[in-house]
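Notes follow the structure.
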Amino acid sequence: MEAVFVLGGLAFLLALAVAIGVTRFIQRRRQAGREPRESSGAVINQDSHSRSAENAPIVVADQPETQANDKESVLLDGEVRRTGLRDDQRTADEAAQRAEQLARLAAAHRVRRKAAEAAHRRAEQEAQKLAAAQKEQQRADDARQHAENLARAAEADRINRKAAEEALRRAEAEAQAAAAREGERLAAEEAQLAAAHEAQRVADEDARLAALEETPCDVANEQLKPAEGAPDSQPIGDSATMDVPAPQRRDPRLYRPSPRIAPTPPVSTGASAELTRERAAPIEVRLIFERAGFCSVSLLPRRGNGMPAELLVTGSGDPPPLLELQDDWYEDVFPANLGQLLKEGVEWCGSIPDGRSFRASLSGREIYVLAPHAELRGFVSLPRLILGQQHVVLCTEARMADVRAALRLTGSPDPILLAQDAGTPAGWVAFRGVSPRIPIEPSGVGDILDTLRPLPDVEIALGGGIRIGRQAWLAGFPPSIQLHGDVNAIDSLQIDGVEATRDPENNCIAPGWDSLGDHTVWCISGSRTYSIRDGAEQWEPWDAYQWSLGELGTETTPSRPSICGVLVRPPKTLEPGVLATIIPASNSVLIGAAPGEIEICMPRSDVRAGLCIGYPRFEPIWAIPADAIRCNKRMSRVLLIGPRQTPTKLAQLPISMKLDDRHLISAWSEAILAAARKGLLTGPSRADIADLWKAYKRCAHVLRGRYR
Amino acid sequence: MSAAALLFWMSARRQGSWQQFRAAVEELQLNPSNDAGDDEDGSDPFALPIYQTLRFNLQRVGHAEFFSGAEDAEWRVTPPSLAVTQQPWGSRGILVGARSLLLLQRLTTAAGQAGVKLTSRVFPDYPDQVVVTADDQSALAAIAKRTGLLLQCDVSAAILLSLPPISDPCMRHPTQLPFGPDWQVGRFSTSTLGWQSATLSDAASASGSLFRFTLRHQRDVLFCERGSAFRVPAQVGKYIAFRSERHRRHVLRYNGQTHTLSMPAPCRPPFLIERALIACSASPPALQGGTLIYTEIPQNIALIVAALLHQELR
């Protein structure tokens, strides 16, 4: 497009330049033509004058000389006139040629301009066509995306509907099972009542026979009336009139295992509204074995994402505030009436600071199955027994016989019974050492005893070891790999593609399974990955406590030493890296091997224990009394506290040194010579150590003479 | 799993949060040992949770520092160090701080090459105590250098001489008395060595007593003196309370023949002092009949402890 415009512009400029040139040429020609025409005009005027003059001789044509002159002038005039006509004719021809040329140039310019305009129009048309195509494409994309969104929404809707239908089916199944159980219970009650009624009737019959009179007996009906009315006694209006925005107390639910039955077609969609409500956080049951065979049972609420570290809740059992145990769990709760709560269920609710409500729930039941947990110690509740795993089964005393019989069917070794005196909740007992071996088919109606019927499924479990990442274990402490479930259904288990074997503890191992790197465990029912990594190998000290007895931090005092573990770090005012040295308070002057290496330690006035601490910037060799001249010669010693290192050769000392260094060397030699003058013995009192001390004395003598 | 596994885990991680520590205690299935002490039976409702027990034990020995001592973390493992003490028969070094299998291998190799004795002692709820014994301190220094351990000679005296006495002003942090009727107030009795019920007005009018204020899970220990309140560590506060009495009570006992330092269990010394005492014998204190007993304590160490706590040795 731009090229077309440029060409058009250039053509226009060219045409303009040509037109200007032609115009100027014409003007010049016209000026050039006007001058001869003016001269010819003069001739013409002369002619006219001559014509008038000629006319005048014609008028006065009587004179013969005048006539001859007139003939010559007429001939001359004719000649001039013919010449002017030829010139005019030539000029007209040239003008016609120039006009023709100008016309041609104008025509060519017009053609070029038209061509440029046509090209411009074509370019514009093409651009419009391209924009239209892009718009069309955009519209098509939008339409496709909209269609995809609609499809996704439809799919999500379908999944939601399917979930709702499944939930409804489950709810119906549960309702059916509950109704069946309720029917059984009512039947049993009716049977009991009938038996009682029969017994009463027999007694009454006996009495009637004895008293020869009849009395109506409607005991059963009287007893049944309140029972029939009880379930409907829940005040519906209460919940309707409540204006509580977030926490809403609910009644605890009773637990029923999910029946493993074929799904039935949905009947109605009325449950979808119920499904959109917020789910309650589960409350698990935990049992921890303590010392001397005791155990403790607690409730362990799960902590969801964004839940506060401390949470006030109300509900069953008057719970205390929940405190975080770790990221996913709150701390154990030990309600006073735990036995009753376990049976009837727990429902807690509270409000989160962000305005949301929190609900935690444990459905009541008579049997709990507990097993080791990957993140928690002790035994934590789970839906049902797992083949090959150690469990603890917690049940009510009324269910003890049923549980024992059910466990016997699983092929578990005889479990150990823990009664209430071992720490179980009131009315509950625990079976310890349950390890099912045989899968049992569930009842299909959601019987509570289904929790004691392990399914024939297999799970690869990674446990034990020292885990230092999500799926990473510390080198040297790999995980134990075990199969839980129907192990007999597994033909092959491979670790990193190598067939695994079992060790004596029933862990799966294979060559290189615990080496550094990533590993994969595979069996036909699934796979797990884990990695073995090195931990940290570099640790740095820091100033953990400075002039503190711990617990509460104190303000930084640079002149004080600090403690990190068992390390005593020097005050920050000293050079880093110096080591704390403990010496007797009586020998508080530290002497190094090099002249000038002297450190005077100050014993603490508030701790009179005969020791003091120093931070020499050198390796101390000797500890000598601070005031050697006045010390007790018989008690004091020059102590060797470092390696048996001879003093630095004097030749190694620099010839010129700073004033401070000269003072230090002087102090070093004076301290040694003072102890020497006193005649102090060395400690330990050995000959080699005494000789070493003599070497220091000789060095000090020489230095005193040099630096005095 | 044992507490040693916990120390391996901490060493591999270097530092972390309190939640991670508690999660590790849970995951490693660490349970209180049966022989933790004759006074701590399983039915004690006031017994410390296992994670607190492990935390205090790690802190006492010096394997790790927690909270205010852990710099910018909530726990941090200390660098591997050899804590050396002089004994009548030679020198003893205790491996304190971070450890890994590689480091233990290096230590075993170095000890074997130096011909010194390397033992591992097991204590309930403590990581295994790895001890190196040699005739000469220089041999331990050489082993430490070869293994890559930091060395601390005369560890007990060095630690004790770097600590302030309980009367030091830095031990007291001025604060306000709590207000509100929900606080449960207890007063430390220097005679029974227990907490007795008290009121806020008792704390406000006390002339020098230790009070404990409890509200749900929150607990503050304040030393109240003539209307002023100071936040103090609980164990420090007890000895301050002994000192402020008209008839000062002395609870430390030292037996020069058996070299044991003992005190009633409620009067456990502040943990940095305890760290120095444990380093003397490389073993935690024994709890016998309500008395804590620290063994192999030299007399000068016992004197320094008594001076720091403003006690007299009996």
Any residue at all in segment B:271-279 that is surrounded by 20 or more Cβ atoms within 10 Å (Cβ to Cβ), within 14 Å of another protein chain (Cβ to nearest Cβ), touching a residue at least 60 places away in the same chain (Cβ under 8 Å) and under 30 Å from residue A:310 (Cβ atoms)?
-> yes
Note: among B:157, B:142, B:111, B:98, just one is part of a helix (DSSP H, G or I) and in contact with a Pro (Cβ under 9 Å, 6 or more places away or on another chain), namely B:157
Among (1) surrounded by 17 or more Cβ atoms within 10 Å (Cβ to Cβ); (2) part of a helix (DSSP H, G or I); (3) at the interface with chain A (Cβ under 8 Å from one of its Cβ atoms); (4) not β-branched (Val, Ile, Thr), residue B:68 falls short only on (1)
Every listed condition ((1) touching a residue at least 12 places away in the same chain (Cβ under 8 Å); (2) under 20 Å from residue B:220 (Cα atoms)) holds for residue B:196 save (1)
Is there a residue being at the interface with chain B (Cβ under 10 Å from one of its Cβ atoms) and in a strand (DSSP E or B) anywhere in segment A:584-607?
-> yes
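Select the strands (runs of 3 or more DSSP E) contained entirely in segment A:467-544, then report the ones holding at least 1 residues which are more than 14 Å from chain B (Cβ to nearest Cβ) and over 20 Å from residue A:388 (Cβ atoms).
Numbers: elements: A:472-474, A:480-485, A:493-495, A:517-523, A:526-533.
Filter on segment A:467-544 gives A:517-523, A:526-533.
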Residue B:259 fails exactly one of the following numbered conditions: (1) crowded, with 22+ Cβ neighbours inside 10 Å; (2) away from chain A (no Cβ under 14 Å); (3) over 17 Å from residue B:171 (Cβ atoms). What is the number of that condition?
-> (1)
Tabulated pairs, segment A:687-698, first free of Cβ contacts under 8 Å to residues at least 40 places away in the same chain, second assigned to a helix (DSSP H, G or I), C-beta under 9 angstrom, 6+ apart or interchain | A:694/A:676; A:697/A:672; A:697/A:673; A:697/A:675; A:697/A:676
Go over the candidates A:392, A:403, A:429 one by one and state the one that is under 40 Å from the mean Cα position of the chain (by Cα) and outside any loop (DSSP other than H, G, I, E, B).
-> A:392
Residue match in segment B:223-241 (condition: more than 14 Å from chain A (Cβ to nearest Cβ), in contact (Cβ under 8 Å) with a residue 12 or more places away in the chain and closer than 26 Å to residue B:162 by Cβ) = yes
Condition met for residue A:341 (within 32 Å of the chain's Cα centre (by Cα) and either hydrophobic (A, V, I, L, M, F, W, C) or farther than 30 Å from residue A:484 by Cα (or both)) = no
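Residues are listed down the side, and each one gets a yes or a no for (1) away from every other protein chain (no Cβ under 14 Å); (2) over 29 Å from the mean Cα position of the chain (by Cα); (3) assigned to a strand (DSSP E or B); (4) crowded, with 21+ Cβ neighbours inside 10 Å:
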residue	(1), (2), (3), (4)
A:433	yes, yes, yes, no
A:439	yes, yes, no, no
A:443	yes, yes, no, no
A:446	yes, yes, no, yes
A:450	yes, yes, no, yes
A:459	yes, no, yes, no
Give the residues of segment A:314-337 that are over 25 Å from residue B:215 (Cβ atoms) and touching a Pro at 6+ places or on another chain (Cβ under 7 Å), sorted by residue number.
-> none
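Of all residues in segment B:137-161, which are over 30 Å from residue B:308 (Cα atoms), touching a residue at least 24 places away in the same chain (Cβ under 8 Å) and either of a type in the set (Val, Ile, Thr) or in contact with a strand residue (DSSP E or B) (Cβ under 8 Å, 6 or more places away or on another chain) (or both)?
To start, the set of residues in segment B:137-161 that are over 30 Å from residue B:308 (Cα atoms) comprises B:138-139, B:142-148.
Now restrict to residues that are touching a residue at least 24 places away in the same chain (Cβ under 8 Å): B:139, B:142-144, B:146-148.
Answer for segment B:137-161, where residues must be over 30 Å from residue B:308 (Cα atoms), touching a residue at least 24 places away in the same chain (Cβ under 8 Å) and either of a type in the set (Val, Ile, Thr) or in contact with a strand residue (DSSP E or B) (Cβ under 8 Å, 6 or more places away or on another chain) (or both): B:139, B:143, B:144, B:147.
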Could you list all residues from segment B:169-197 that are surrounded by 12 or more Cβ atoms within 10 Å (Cβ to Cβ) and at pLDDT below 90?
-> B:170, B:171, B:172, B:173
Would you point out the residue of segment B:177-219, among those that are out of contact with any Lys or Arg (no Cβ under 7 Å at 6 or more places or on another chain) and charged (D, E, K, R), that is farthest from residue A:321 (Cα to Cα)?
-> B:187
Within the set of pairs 6 or more residues apart or between chains, which connect a residue that is touching a residue at least 12 places away in the same chain (Cβ under 8 Å) inside segment A:309-337 to a residue that is surrounded by 15 or more Cβ atoms within 10 Å (Cβ to Cβ) and hydroxyl-bearing (Ser, Thr, Tyr) with Cβ atoms less than 7 Å apart?
-> A:322/A:330; A:323/A:330; A:324/A:330; A:332/A:298; A:333/A:298; A:334/A:298
Within segment B:86-120, tally of residues that are within 18 Å of the chain's Cα centre (by Cα) and over 18 Å from residue A:477 (Cβ atoms) | 4
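Could you count how many residues in segment B:162-206 are more than 13 Å from chain A (Cβ to nearest Cβ), in a loop (DSSP other than H, G, I, E, B) and more than 19 Å from residue B:310 (Cα to Cα)? Quick ask: steps written out before the conclusion?
Start the filter on segment B:162-206 by keeping residues that are more than 13 Å from chain A (Cβ to nearest Cβ), which leaves B:176-181, B:183-206.
Narrowing the set further to residues that are in a loop (DSSP other than H, G, I, E, B) leaves B:176-181, B:183, B:189-194, B:199, B:206.
Adding the requirement that they be more than 19 Å from residue B:310 (Cα to Cα) leaves B:176-181, B:183, B:192, B:194, B:199, B:206.
Selection size over segment B:162-206: 11.
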Out of segment A:490-509, which residues are in contact (Cβ under 8 Å) with a residue 12 or more places away in the chain, touching a strand residue (DSSP E or B) at 6+ places or on another chain (Cβ under 9 Å) and surrounded by 11 or more Cβ atoms within 10 Å (Cβ to Cβ)?
-> A:490, A:493, A:494, A:495, A:496, A:500, A:506, A:507, A:508, A:509
Return the residue satisfying two criteria in turn: it lies in segment A:364-386 and is more than 33 Å from the chain's Cα centre (by Cα) and closer than 16 Å to residue A:342 by Cα, and of such residues it is surrounded by the fewest Cβ atoms within 10 Å (Cβ to Cβ).
-> A:364
For segment B:108-122, indicate whether the set of residues that are touching an Asp or Glu at 6+ places or on another chain (Cβ under 9 Å) and more than 30 Å from residue B:80 (Cβ to Cβ) is non-empty.
-> no
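The values are calculated or read from the model by the stated rules, or taken from the named source; none is laboratory data. From a predicted model like this one, the values you see are computed outputs, not experimental measurements. Every residue, glycine as well, gets a Cβ built from its backbone with ideal geometry; the counts of neighbours run over all protein chains shown.
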